[in-house]
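The values are calculated or read from the model by the stated rules, or taken from the named source; none is laboratory data. Small disclaimer: the values here were computed from a predicted structure and weren't measured. Neighbour counts run over all protein chains shown; Cβ positions are idealised from the backbone, glycine included. Protein only, heavy atoms only, side chains kept; ligands, DNA and RNA dropped before computing areas. Shrake-Rupley method; radii C 1.70, N 1.55, O 1.52, S 1.80 Å.
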Amino acid sequence: MEMERVQALAYAGLNELPAQFIRPINERPENSKPISGVTVPVISLSQPRHVIIEEVYKACREWGFFLVTDHGISSALIQQLQEVGQQFFGLPQKEKEAYANDPATGKFEGYGTKMTKNLDEKVEWVDYFFHVMSPKAKTNYDIWPKHPHTYREVTEEYNKEMLRVTNELLELLSEGLGVEGNVLKSHLGGEDIELEMKINMYPPCPQPQLALGVEPHTDMSALTILVPNDVPGLHVWKDGNWVAVNYLPNALFVHVGDQIEVLSNGKYKSVLHRSIVNKERMRMSWAVFAVPPHEALIGPLQELVDDDQNPPKYSTKTFAEYRYRKFNKLPQ
Ligand code: OGA
Ligand code: NI
């Protein structure tokens, strides 16, 4: 089916936002502004280990979100990642369409734009490219962009760094919970843990005060590690308010996702977040979702629950079942 892309709409020079993008009044950025004077936690990984564990623990409990600096990923690699993504979205529309996904038939990977399922439903001001990048056995390199030619090399390099940082974070989170360092990772499939890349591309929007880039949601991943370009737009929900996340060059934006909330029996919080768009400038972000294999059984860690003081707050189910319920907006 012919699909209208947000990018094509944006560059057609509209003065007014088409109706399917206009959010209900209370959801509009103009009516749900972030509060000022609050900033998200920023954690340097070059501190003594006990300090890092403490800061990460606090951030995961209070925010479910934090920025990481001194993570060892070179700024050159982050820049290359952004360049190859920008170059892909800069290709002629026809060339991008060769990668079109089709979620309705289970083809989630590739180039996509969310469609409305019914007349009331609103859509987001974003096009994206989604693909698995780890483990190799589950990676379909045929769907990765072939242009620019360096896409694969750069993304494989970034994948290695994401595996390293994910391992490190899962260890810190485990230790914060008072369990052995390898516990969270082993429940997430161990070496079979999956990394998925989603490049979000938010074109300039004629009426950004009425639209959303992505609507409020929590990620169903275990962790999400995101790097944006220099156009701000991410908001995280904290104690009843939206908090705007400022751009910090080369920082990793770490989101606690639903699977870590479940495994930690609610000690760590999956962060509600959204993104807004910009009138003049294109915003982009590179979100890496660390997820368990579909067949992994995820429930509160046994070490953290007991019958009287700490009953399990979540049911145990496979990640496949969790995904199905989340996609279909069924209770968990
Ligand atoms: C996402 C997401 C936010 C952003 O892709 O899940 O929340 O800043 N993106 O682009
Ligand atoms: Ni998200």
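Structure above, values below:
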| quantity | calculated |
| --- | --- |
| Extension gain from K138 to E215, taking 0.36 nm per residue of separation minus the Cα-Cα distance | 24.8 nm |
| Stokes-Einstein translational diffusion, segment 134-217 - Kirkwood Rh over all Cα pairs, 0.692 mPa s, 37 °C, in µm²/s | 207 |
| Where the Cα pairs of segment 174-332 fall when distances are cut into 10 Å bins, in % | 10, 35, 32, 17, 5, 0 |
| Residue-averaged [θ]222 nm for the chain, counting only DSSP H segments that reach four residues, each worth -39500 (n - 2.57) | -7500 deg cm²/dmol |
| Among P148, T69, P292 the positive-end extreme of the charge dipole of the chain (Cβ point charges) | P148 |
| Shape metrics for segment 83-143, restricted to C-alpha atoms - Rg then Dmax, Å | 13.3, 40 |
| Built amide H within the under 5 Å cut-off of W242, gap 5+ | I35 |
| Computed over segment 198-271: relative contact order in percent, which uses C-alpha pairs under 8 Å that are six or more apart | 33 |
| Whole-percent carbon and sulfur share, accessible surface of segment 51-162, 1.4 Å | 53 |
| Cα centroid separation, segment 145-195 to segment 1-60 (Å) | 23 |
| Residue-normalised accessible area of the chain, given per residue in Å² at a 1.4 Å probe | 47 |
| For segment 67-200: relative contact order, % (alpha-carbon pairs under 8 angstrom, 6 or more apart) | 26 |
| Neighbour net charge for A211 - beta-carbon separation under 9 angstrom, K R +1, D E -1 | +2 |
| Normalised contact order of the chain, rounded percent, pairs of Cα under 8 Å and 6 or more residues apart | 21 |
| Note, ³J(HN,Hα) from phi for segment 94-111, Karplus 6.51, -1.76, 1.60, rounded to Hz, x at Gly and Pro | 4, 5, 5, 4, 4, 9, 4, 8, 7, x, 4, 9, x, 8, 7, 7, x, 8 |
| About the Cα centre, charge dipole magnitude for segment 40-138 (Lys/Arg +1, Asp/Glu -1 at Cβ), debye | 260 |
| Spatially proximal lysines relative to K58 (Cα-Cα < 29 Å; intrachain offsets below 8 disregarded) | K33, K160, K185, K198, K238, K267, K269, K313, K317, K326 |
| Relative packing of 127-135, 24-32, which averages over residues the other C-beta atoms within 10 Å, highest first | 127-135, 24-32 |
| nm² value of the averaged projected area, convex hull over the Cα atoms of the chain | 17.1 |
| Stokes-Einstein D in µm²/s, Kirkwood radius over Cα pairs - segment 256-332 at 20 °C with 1.002 mPa s viscosity | 147 |
| Peptides 71-80, 203-212 ordered by average Cβ neighbours within 10 Å, highest first | 203-212, 71-80 |
| For the chain, built as a Gaussian network whose Cα springs stay under 10 Å, the top-fluctuating residue of L81, L173, L17 | L17 |
